[in-house]
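A short write-up of the structure that comes next.
Coordinate-derived values only; no laboratory data. Bear in mind that the values here come from a model prediction, so they are computed numbers and not experimental data. All Cβ positions, glycine included, derive from the backbone under ideal geometry; neighbour counts span all protein chains shown.
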Amino acid sequence: MSLDPTRRSDKAFKVTTGQHTTHLPETPAGNADCVPQGRFRDSSFNPSLTRRGSLRMRLALFQPDIPQNLGAALRLGACLDVPVDVIEPCGFPLSDAGVRRAAMDYGALAEMKRHAGWADFLAAPERKAGRLLLFTTKGARNFHGFRFEPGDTLLFGRESAGAPDDVHAAADHRLFIPLARGARSLNLTVSAAIALSEALRQTDGFPTAAPTG
Ligand SMILES: C[S@@+](CC[C@H](N)C(=O)[O-])C[C@H]1O[C@@H](n2cnc3c(N)ncnc32)[C@H](O)[C@@H]1O
């Protein structure tokens with residue numbers, strides 16, 4: 001897998017809107033109305049479940065502002081086999097070149113589900129089971145002492161403003177990552193990586209293959 005930042009990939013994002021999963025080609029003319037592809041073609045495969053039959057952990061981003069952060073989060077999700085929910089509106093077009101560059105080479109592995117808004121996210125089939133855990137600088141509990149479960153969705157707020165009160169209220173738990181005295185917050189995707197790492201470690205959810213370099 002090439003990590004050369006100057007090379008454009010010809011791969012595509014796997015994008016789900018509603019019940020349909022599609023690839024989003026890396027061309028400016030691309031859109032989410034392409035032919036469904038990948039593992040979702042196999043109707044016997046339930047994408048909500050792990051191979052062991054438990055619910056999959058998910059990463060959710062509430063109205064992200066910065067395309068490079070979403071791109072890095074898609075790459076994170078692709079590498080750790082975790083689907084990414086994007087709650088729109090975003091602060092940029094989802095076809096933005098910055099998203100593609102940051103997620104490059106991982107497009108075919110990335111699973112992104114778009115939600116038109118907060119209400120659509122809450123109404124999505126994935127929300128019928130599994131807890132919603134909001135990571136927030138206003139969190140009540142240190143994530144270190146928290147017991148994660150395989151079907152948890154880890155939700156993160158906007159870079160500019162975090163998550164609003166109703167999102168805080170809707171979460172089953174609100175968690176913080178402890179920081180050095182005087183530090184305000186981590187970068188969005190850095191916080192997602194730290195949180196996901198701990199959650200997957202606790203639930204034995206890390207992929208098992210060694211990196212291919
Ligand atoms: C750049 S931060 C947002 C900062 C925003 N001014 C605030 O006060 O919420 C973007 C997101 O990263 C996550 N985040 C960053 N640092 C965190 C921390 N120490 N604990 C929990 N979540 C954190 C949260 O989800 C946050 O909404």
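Which members of segment 86-106 meet the condition of being crowded, with 23+ Cβ neighbours inside 10 Å and of a type outside the set (A, V, I, L, M, F, W, C)?
Scanning segment 86-106 gives a single hit, Arg100.
Which one of these is touching a residue at least 60 places away in the same chain (Cβ under 8 Å) and either part of a loop (DSSP other than H, G, I, E, B) or within 12 Å of the ligand (Cβ to nearest atom) (or both): Ala199, Ala192, Ala180?
The match here is Ala192.
Determine whether Phe143 is out of contact with any His (no Cβ under 8 Å at 6 or more places or on another chain), of a type in the set (Phe, Trp, Tyr) and surrounded by 17 or more Cβ atoms within 10 Å (Cβ to Cβ).
When the stated conditions are applied, Phe143 passes them.
Given the condition among the charged types (D, E, K, R), out of contact with any Gly (no Cβ under 8 Å at 6 or more places or on another chain), within 20 Å of Gly91 (Cα to Cα) and away from the ligand (no atom under 16 Å from the Cβ), answer yes or no: does some residue in segment 120-141 qualify?
There is at least one residue in segment 120-141 that is among the charged types (D, E, K, R), out of contact with any Gly (no Cβ under 8 Å at 6 or more places or on another chain), within 20 Å of Gly91 (Cα to Cα) and away from the ligand (no atom under 16 Å from the Cβ).
Can you find a residue that is surrounded by 21 or more Cβ atoms within 10 Å (Cβ to Cβ), farther than 27 Å from Asp204 by Cα, near the ligand (Cβ under 10 Å from one of its atoms) and not basic (Lys, Arg) anywhere in segment 157-168?
Yes: one or more hits.
Only strands (runs of 3 or more DSSP E) wholly contained in segment 78-140 count here; list those with 2 or more residues that are touching a His at 6+ places or on another chain (Cβ under 9 Å).
In segment 78-140, 84-87, 132-135 are the strands (runs of 3 or more DSSP E) which contain 2 or more residues that are touching a His at 6+ places or on another chain (Cβ under 9 Å).
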